[in-house]
Amino acid sequence: MNRLASSTSPYLRQHAANPVEWYPWGPEALARAKAEDKPILLSIGYAACHWCHVMAHESFENADTAALMNERFVNIKVDREERPDLDAIYMAAVQAMTGQGGWPMTVFLTPEGVPFVGGTYFPPSDRHGMPGFPRVLRTVADAYRDRRGDVDATTARVRDLYAHATDAANATGELSPATFDRAWAGIAERYDERHGGFEGAPKFPQTMSLDFALRRWRRTGDARALEVAHRSFTAMARGGIYDQVGGGLHRYTVDAIWLVPHFEKMLYDNALFARLGLHLWQATGDALARRAVEETIDWAAREMLSAEGGFYSSLDADSEGHEGKFYVWSEHEIDAALGADAPVMKAHWGVTTAGNFEGENILFVAGSDAPAEVVARAGAKLMAVREQRVRPGRDEKVLAAWNGLMLRTVAEGARILGRADYAALAERNGEFLFTQLVREGRVMRARTDGVTAIGGFLEDYAALGLAALAMYELTFAAKWIERARGVCTAMEQWFWDASARAFFDTASDAETLITRPREVTDNALPSGTSMAVELLLRLAELDADDARRERATWVLETLAEPMARFGSAFGHLLGAAELAVAGAVEVAIAGDPARDDARALLGVVARQYVPRLVLAAGTAEVALMRDRGPIGGRAAAYVCERYVCDAPVTDPGALRDALRRAEGVHRGTH
C-alpha cells in the first residue's frame, strides 16, 4: 500500500494499492521534488470518473508503467472534489495548452508547482493519434532533464497566464434589463429545437441556464423562454439520462437525444435538477415535473444519505467492471419481472430485443405514457430486481457545498410541496452540516468516515449560507437566520479581498499556491462568487443591510459585460443579478406560522412561482418583520418591494393577486 492508504478521500484510497509511489498533495511531495530536482506528475480525478478508472487499470496498475513513473517523477494524486482550488488552477493551464480539459487530468509540473505539459487521458500505447502514456512519460522526463530552456520558456508563459488573476476587479458595464436580454439571446441561439437542451453531443443538463430561461418568462412573458425551460426539463425527465426506475439524473449523455448517459450520478446535478423541477411545477403545475422532483429527492434520501445525516457525493458509472451494468435491462429480464404488464411497459420504455446500448436497454419514455398506476407498479418490481444486483461504487465523502445545494432543494421541496417528510430530512441534514462541518465559525470542506478535514472554499460557505436561508423560509426558526448571517460574515472576512475588490475561491489564510484562484463562471456547479452574491443580496433584503447590497452589486458590475456576452456561462449569477436589478419581492407573514390562518397564507406563497421571493415570518429579528403585525387578530401578509409595501392582506386570494402583480404575471400560473 502506498501513501494514499490513509487518505480521507475515497478516490485516493482507490489508488492505494497501485504500484505507483503516489503522494497526496502536500509539503512532503513538493520537498522531495525540489530536493531531487524531479518533475512532478500530477494526476487529478474523482471517484465516479469512468475514464479515471480506465487509465488506472491500463497504466497505474501496470508494473512497468509504474516503475517508469517512480523512476522519473514525483507522483501526486488529487481528488478534484476535495481540492477544487488545485483543480481550477491546473485545469486553466491544461485548457490553455491543449484547448480542452477533462478528467483524468494529467499535468507535469516543475518542483515549484508550475505546469509545463498537460493533458487528460492517455492510452497505454499509441492509438487513434494519441501518444501512449509510457512514451509521454519518457518524452516529458527527457525534456525536463535535457531541454530545461524549453521547459523554462513554457513555465514563463504559464506564469503570464496566472499573472493577472489577483488584479483588482473593475466595473465592466451597467447592470440593466438589457443585460438579461443580451444574455438570453446568446443562450437561446444554442437551444436544440429538436431535442431540447443546448447544442448537440455530448449533452449536459445545464439546469442553471434553464432556470434563467424560466425566470425570463416570469419577468417578461416570453413564451419562448418557457418552452426552452419546460421542454428541456421534460426531455431529460423522459430520457435515458434520468433513471426511470430509481429516480435521479445521470451526469450527461454521450448523444444529443438524452438517451445514452455517462452513468455516474452526482449529488450536485440532482440538487440543481430537482430545484429547477420545483420551479417548473410552481410555474406550470406539470405533474411530470413534480414526480421527477419527488423521485430525485427520494433517491437522495434512499441511496445517498449517511447515518450521520450528510449526503454522499456520487455513485460510480461502473459496476462489475462495466459501465451502466446496474441500470440496463434485457427484454427477457423485463418480461420475467413484469409479467402481464410487460407488453405495455416495453412500449412505454422503448424496450426491444436488440436493445439500444450494447445489446441491452436503457429505459426511456418512448412515446405516449402508460397509465400512471401501471408505471408505478412496474417501477417497484424492477427496483426489487435491481436491488439484487451488484451496486455501483459510492463516494462517501460529504462535501459542504454539494450538501448545501441539496439541502436548499430539499427545504424548498418541503415548503413548496408541503412534504413533512422532506422537512424532517432537511432538518436532519441541516443540523448535521452546522454541527459537523462548521468549526469555530469556519466552514470545513469535507467529512469522510467521521473525520472532518480541509478548510472550506468560497462555494462551501456560500452554499451553506443559502441553505440556511432556505431552512429559515421553511421553519422561520431564529437559529437558521443566525446561522446564515454567521456564515456570511465569515465568508466576507476570509474570502473578500479589499484591494482586489473581489471574492477569491480560497481563504486568505489558506495554503499559498502558484496563484489564488478566482473562478467566476457557473460550470457544473454555481461558482462560489455567484452564490456569494446571492447570499449577500438575500441577507441584505431580510436585514436592510445596504453595505452587503452594495458589495454584491459591485461584484455584479465587474461581471456585467461577460454576463451579457456569455450568458450560458453565468446561469446562476444572472439570477442573482436579476434580484439586484429588479429588487426582491419581499413577503412578510405576520402571525404565528403554526396557526391555520398563517399557514393558509404561506401555502399561497409556496404555490406561486416568484423567483425574486424573499420570505419572512415568525419571531426572528429581521428588518422585514419590523412594525408588521396581524390585522384584526388574523395573520396578515405584507407584499413589498424595496420596503415599499402594498396594504396588508389577510385573505389568501388577495395575497395570490398581490404576488402576481408584484411579478408582473399575466399568464400561465396555476
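This table checks each residue for (1) among the aliphatic types (A, V, I, L, M); (2) assigned to a helix (DSSP H, G or I); (3) modelled with pLDDT of 95 or more.
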| position | (1), (2), (3) |
| --- | --- |
| Ala462 | yes, yes, yes |
| Ala490 | yes, yes, yes |
| Thr506 | no, no, yes |
| Thr512 | no, no, no |
| Leu542 | yes, yes, yes |
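Look at segment 326-343: where a residue is under 19 Å from Gly240 (Cβ atoms) and free of Cβ contacts under 8 Å to residues at least 60 places away in the same chain and a partner is surrounded by 16 or more Cβ atoms within 10 Å (Cβ to Cβ) and acidic (Asp, Glu), sitting 6+ places away or on another chain with Cβ atoms under 8 Å, you get Val328/Glu360; Trp329/Glu360; Ser330/Glu360.
Among the candidates Thr179, Thr155, Thr172, the residue that is hydroxyl-bearing (Ser, Thr, Tyr) and in the same structural domain as Ala33 (by TED's automatic domain parsing) is uniquely Thr155.
Considering only segment 4-16, how many residues are within 23 Å of Arg72 (Cβ to Cβ) and free of Cβ contacts under 8 Å to residues at least 24 places away in the same chain? Break it down into steps so the answer makes sense when it comes.
Of the residues in segment 4-16, the ones within 23 Å of Arg72 (Cβ to Cβ) are 4, 12, 15-16.
Restricting the remaining residues to those that are free of Cβ contacts under 8 Å to residues at least 24 places away in the same chain gives 16.
Number satisfying all stated conditions: 1.
Is it true that Ala307 is outside any helix (DSSP H, G or I) and without any contact (Cβ under 8 Å) to a residue 60 or more places away in the chain? So Ala307 passes the test. A search for C-beta distances below 6 Å between a residue of segment 449-477 that is more than 19 Å from Gly528 (Cα to Cα) and any residue that is of a type in the set (D, E, K, R) and assigned to a helix (DSSP H, G or I), counting only pairs 6+ apart in sequence or on different chains, returns Leu474/Arg415. Residues in segment 521-575 that are touching a helix residue (DSSP H, G or I) at 6+ places or on another chain (Cβ under 7 Å), within 19 Å of Ala188 (Cβ to Cβ) and of a type in the set (A, V, I, L, M, F, W, C): Met563, Ala564, Phe566, Phe570, Leu573, Leu574.
Scanning segment 278-304 for residues that are outside any helix (DSSP H, G or I) and surrounded by 21 or more Cβ atoms within 10 Å (Cβ to Cβ) gives a single hit, Met304. The condition of being in a helix (DSSP H, G or I) and of a type in the set (A, V, I, L, M, F, W, C) does not hold for Val78.
Only one residue in Leu537, Leu601 is closer than 30 Å to Arg182 by Cα and either free of Cβ contacts under 8 Å to residues at least 60 places away in the same chain or crowded, with 21+ Cβ neighbours inside 10 Å (or both). Which one? So the residue among Leu537, Leu601 that is closer than 30 Å to Arg182 by Cα and either free of Cβ contacts under 8 Å to residues at least 60 places away in the same chain or crowded, with 21+ Cβ neighbours inside 10 Å (or both) is Leu537.
Against the condition touching a residue at least 60 places away in the same chain (Cβ under 8 Å), under 24 Å from Asp449 (Cα atoms), out of contact with any helix residue (DSSP H, G or I) (no Cβ under 7 Å at 6 or more places or on another chain) and not acidic (Asp, Glu), how does Tyr46 come out, does it pass? No: the conditions fail for Tyr46.
Residues that are under 19 Å from Ser527 (Cβ atoms) and either modelled with pLDDT of 95 or more or under 24 Å from the mean Cα position of the chain (by Cα) (or both): which helices (runs of 4 or more DSSP H) entirely in segment 554-624 hold 2 or more of them?
Details: elements: 560-565, 571-582, 596-607.
Passing ranges, in order: 560-565, 571-582.
Does segment 561-575 contain at least one residue that is of a type outside the set (D, E, K, R), in contact with a strand residue (DSSP E or B) (Cβ under 8 Å, 6 or more places away or on another chain) and crowded, with 18+ Cβ neighbours inside 10 Å? Among the residues of segment 561-575, at least one is of a type outside the set (D, E, K, R), in contact with a strand residue (DSSP E or B) (Cβ under 8 Å, 6 or more places away or on another chain) and crowded, with 18+ Cβ neighbours inside 10 Å, which makes the answer yes. Among the conditions (1) assigned to a helix (DSSP H, G or I); (2) more than 16 Å from His348 (Cβ to Cβ), the only one that Asp255 does not satisfy is (1). Among all positions in segment 449-472, there is no residue which is among the acidic types (Asp, Glu), touching a His at 6+ places or on another chain (Cβ under 9 Å) and surrounded by 18 or more Cβ atoms within 10 Å (Cβ to Cβ). Residues in segment 71-82 that are free of Cβ contacts under 8 Å to residues at least 60 places away in the same chain and surrounded by fewer than 20 Cβ atoms within 10 Å (Cβ to Cβ): Glu71 alone. Restricting the search to segment 177-194, which residues are touching an Asp or Glu at 6+ places or on another chain (Cβ under 9 Å) and among the charged types (D, E, K, R)? Of everything in segment 177-194, those that are touching an Asp or Glu at 6+ places or on another chain (Cβ under 9 Å) and among the charged types (D, E, K, R) turn out to be Arg190, Asp192. Name the residue that is nearest to Ala201 (Cα to Cα), counting only residues in segment 253-277 that are among the aliphatic types (A, V, I, L, M) and crowded, with 21+ Cβ neighbours inside 10 Å. Per the stated criteria, the residue is Val260. Among residues belonging to segment 149-184 that are within 28 Å of the chain's Cα centre (by Cα) and among the β-branched types (Val, Ile, Thr), point out the one that is surrounded by the most Cβ atoms within 10 Å (Cβ to Cβ). Result: Thr179.
Of the residues in segment 101-112, how many are farther than 15 Å from Ala156 by Cβ and either in a strand (DSSP E or B) or under 21 Å from the mean Cα position of the chain (by Cα) (or both)?
The number of residues fulfilling the criteria is 8.
A single member of Leu68, Leu41, Leu109 is touching a Lys or Arg at 6+ places or on another chain (Cβ under 8 Å) and in contact (Cβ under 8 Å) with a residue 60 or more places away in the chain, and it is Leu68.
The values are calculated or read from the model by the stated rules, or taken from the named source; none is laboratory data. Quick caveat, the model's predicted, so the values are computed rather than measured. Every residue, glycine as well, gets a Cβ built from its backbone with ideal geometry; the counts of neighbours run over all protein chains shown.
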